[in-house]
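The values are calculated or read from the model by the stated rules, or taken from the named source; none is laboratory data. The structure presented is a predicted model; accordingly, all values stated were derived computationally and were not measured. Cβ placement follows ideal geometry from the backbone for every residue including glycine, while neighbour counts extend to all protein chains displayed.
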Protein chains: 2
Amino acid sequence: MTSLRSVHLDPQTGCALVLDRGQTLRVRSPTGQQVADVVAFAARSARSAGDAPGTGPRADPDEWFSSGRTIDYGMSIYVTTGSVLYSNRSTPMLTITADTAGRHDLLVSPCSEEMFERLYGVAGHPSCLSNLAEHLGPFGVPAGRIPTTLNLFMVVTPDPVTGRITIEAPSSRPGDHVDLRAEVDLVVGVAACSAEITNRGTLEPIEVEVHDDR
Amino acid sequence: MTSLRSVHLDPQTGCALVLDRGQTLRVRSPTGQQVADVVAFAARSARSAGDAPGTGPRADPDEWFSSGRTIDYGMSIYVTTGSVLYSNRSTPMLTITADTAGRHDLLVSPCSEEMFERLYGVAGHPSCLSNLAEHLGPFGVPAGRIPTTLNLFMVVTPDPVTGRITIEAPSSRPGDHVDLRAEVDLVVGVAACSAEITNRGTLEPIEVEVHDDR
């Protein structure tokens, strides 16, 4: 596998990158026990109406990774190797082609400044939503367009009778990774989750790589 | 309780309406065994920048009902009396003040034309997404902005070990209803679900009422 690009995410940071159809996004937890939030938007062609000349790659904020459609088509709240991630328009966006951890979450939204204020009375806390918005903004995706994320390595378990969810320690051991193959041209965002409680109190880095073995 | 407005939804149709803070949306299933998809957007003030003079009420497509945030704050995949429905910006949008049925779904996205094509090879099937988009469009919400809905009376049960979901018969008996009190000014959409399989093969009407007992 040829690694085209790699991004080291310091704790509580994020990135956004373009993923061409057929390329693979690898999200790796070097330390384990760290959640990574992932979101994807369809890439727009460079010639979309309204773009200024010379504008770089842009995302289509109207076609986004849909946790609800992914659950519906996969008939599962969990995803792992073989699972397809769908857009709100039912387009297969990404296929999970490798998964050394085995459990991830599709249920809860990315942590946000408002969440830390509401739950802990803390203002200005770093968050996945603000980190994703900061890096997706230049591609044309404002914060208000970021949907429920795929929360890699996050373990959220519902009780089927009461509905109550429990959030357990992340599924990842040191070096665990997930590979996601792009089925269409995409702009993806990845954040090393900023929530202390979700990550056993220790916030760790995440490694992001783009591979191409077409 | 004073009924201000009521809308009869024929099978496989939808509506959108303005709900002022403090007003209550009642969604009633006269026949039972019928799912109703509900979505909400924050209402914009009439004077928002960019509105043409004389423009009617508009929705803010950047503040929408978030199933993911509702699950996160409520720590449950189910909602019933007392549950609060949150926006992507963590604003309490609606509180369920009455619920005679008891089970509803936050996990799966509204049925769409693409879904019927993908699952059954049927083109042009009526769908919740197109019915919601048709009626929310005049308020400034295109189809690409409609998130995972609150699916009233829909029974989706996940297996906590495998993640697999099962979709069972709707929870509603004849006359069951849910009351949702607006915590802020809203534009809401409601659709009588168009999916035969979700509704035991028989598609029924839904009654929508706005009450005001402030």
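Of all the residues that make up the range A:1-31, how many are surrounded by 15 or more Cβ atoms within 10 Å (Cβ to Cβ) and either part of a loop (DSSP other than H, G, I, E, B) or at positive phi (or both)?
Qualifying residue count, the range A:1-31: 7.
Consider A:Gln34 against the criteria (1) buried (at least 19 other Cβ atoms within 10 Å of the Cβ); (2) away from chain B (no Cβ under 12 Å); (3) within 28 Å of B:Val155 (Cα to Cα); (4) not aliphatic (A, V, I, L, M): it satisfies all of them except one. Which criterion is unmet?
(3)
Name the one entry in A:Thr13, A:Thr95 that is in contact (Cβ under 8 Å) with a residue 24 or more places away in the chain and farther than 23 Å from B:Arg118 by Cβ. Show your work before the answer.
Values: A:Thr95 fails: farther than 23 Å from B:Arg118 by Cβ.
Matching residue, one of A:Thr13, A:Thr95: A:Thr13.
Per-residue answers, yes or no, for (1) under 24 Å from A:Phe41 (Cβ atoms); (2) buried (at least 21 other Cβ atoms within 10 Å of the Cβ):
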| residue | (1), (2) |
| --- | --- |
| B:Leu136 | yes, yes |
| B:Val161 | no, no |
| B:Thr166 | no, no |
| B:Pro170 | no, yes |
| B:Asp185 | no, no |
| B:Thr198 | no, yes |
| B:Thr202 | no, no |
| B:His211 | no, no |
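Which pairs turn up if I take residues in the range A:105-119 that are surrounded by fewer than 24 Cβ atoms within 10 Å (Cβ to Cβ) and look for partners that are in a helix (DSSP H, G or I) and polar (S, T, N, Q) with beta carbon separation below 7 Å, at least 6 apart in sequence or on another chain?
A:Glu113/A:Ser130
Please specify each residue of the range A:71-92 satisfying the condition of being among the polar types (S, T, N, Q) and without any contact (Cβ under 8 Å) to a residue 60 or more places away in the chain. Let's see the steps before the verdict.
Of the range A:71-92, the ones among the polar types (S, T, N, Q) are A:76, A:80-81, A:83, A:87-88, A:90-91.
Listed by number, the residues that qualify are A:Ser76, A:Thr80, A:Thr81, A:Ser83, A:Ser87, A:Asn88, A:Ser90.
Being within 28 Å of A:Thr166 (Cα to Cα), in contact with a strand residue (DSSP E or B) (Cβ under 9 Å, 6 or more places away or on another chain), more than 14 Å from chain A (Cβ to nearest Cβ) and in a strand (DSSP E or B) narrows it down to one of B:Val178, B:Val187, so name that one. Can you show your working first?
Numbers: B:Val187 fails: within 28 Å of A:Thr166 (Cα to Cα).
Criteria check complete, one pass: B:Val178.
What is the one condition in (1) more than 18 Å from B:Gly74 (Cα to Cα); (2) β-branched (Val, Ile, Thr); (3) in contact with a Pro (Cβ under 6 Å, 6 or more places away or on another chain) that A:Val208 does not satisfy?
The single condition A:Val208 does not satisfy is (3).
Residue-by-condition table, conditions (1) at pLDDT below 95; (2) over 21 Å from A:Pro170 (Cα atoms):
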site: A:Ala46; (1), (2): yes, yes
site: A:Ala49; (1), (2): yes, yes
site: A:Ser76; (1), (2): no, no
site: A:Tyr86; (1), (2): no, yes
site: A:Gly102; (1), (2): no, no
site: A:Val108; (1), (2): no, no
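Consider B:Gly201 against the criteria (1) outside any strand (DSSP E or B); (2) under 24 Å from B:Ala59 (Cα atoms): it satisfies all of them except one. Which criterion is unmet?
Of the numbered conditions (1) outside any strand (DSSP E or B); (2) under 24 Å from B:Ala59 (Cα atoms), the odd one out for B:Gly201 is (2).
Let me spell it out: the conditions are (1) more than 14 Å from chain A (Cβ to nearest Cβ); (2) farther than 16 Å from B:Ser29 by Cβ; (3) over 12 Å from the mean Cα position of the chain (by Cα); (4) among the β-branched types (Val, Ile, Thr), and B:Thr202 meets all of them except one. Which number is the exception?
Checking B:Thr202 against (1) more than 14 Å from chain A (Cβ to nearest Cβ); (2) farther than 16 Å from B:Ser29 by Cβ; (3) over 12 Å from the mean Cα position of the chain (by Cα); (4) among the β-branched types (Val, Ile, Thr), the one that fails is (2).
Scan the range B:125-146 and tell me whether some residue there is on the phi > 0 side of the Ramachandran plot and touching a strand residue (DSSP E or B) at 6+ places or on another chain (Cβ under 8 Å).
Taking the range B:125-146 first, the residues on the phi > 0 side of the Ramachandran plot are B:140.
Checking which are touching a strand residue (DSSP E or B) at 6+ places or on another chain (Cβ under 8 Å) leaves us with B:140.
The answer is yes, given that some residue of the range B:125-146 is on the phi > 0 side of the Ramachandran plot and touching a strand residue (DSSP E or B) at 6+ places or on another chain (Cβ under 8 Å).
Name the residues in the range A:53-82 that are over 17 Å from the mean Cα position of the chain (by Cα), more than 7 Å from chain B (Cβ to nearest Cβ) and part of a strand (DSSP E or B), would you?
Correct list: A:Arg58 only.
Is it the case that B:Asp185 is over 13 Å from the mean Cα position of the chain (by Cα) and under 19 Å from B:Leu85 (Cβ atoms)? Before the answer, list the steps.
On the way: over 13 Å from the mean Cα position of the chain (by Cα): yes; under 19 Å from B:Leu85 (Cβ atoms): yes.
Criteria met by B:Asp185.
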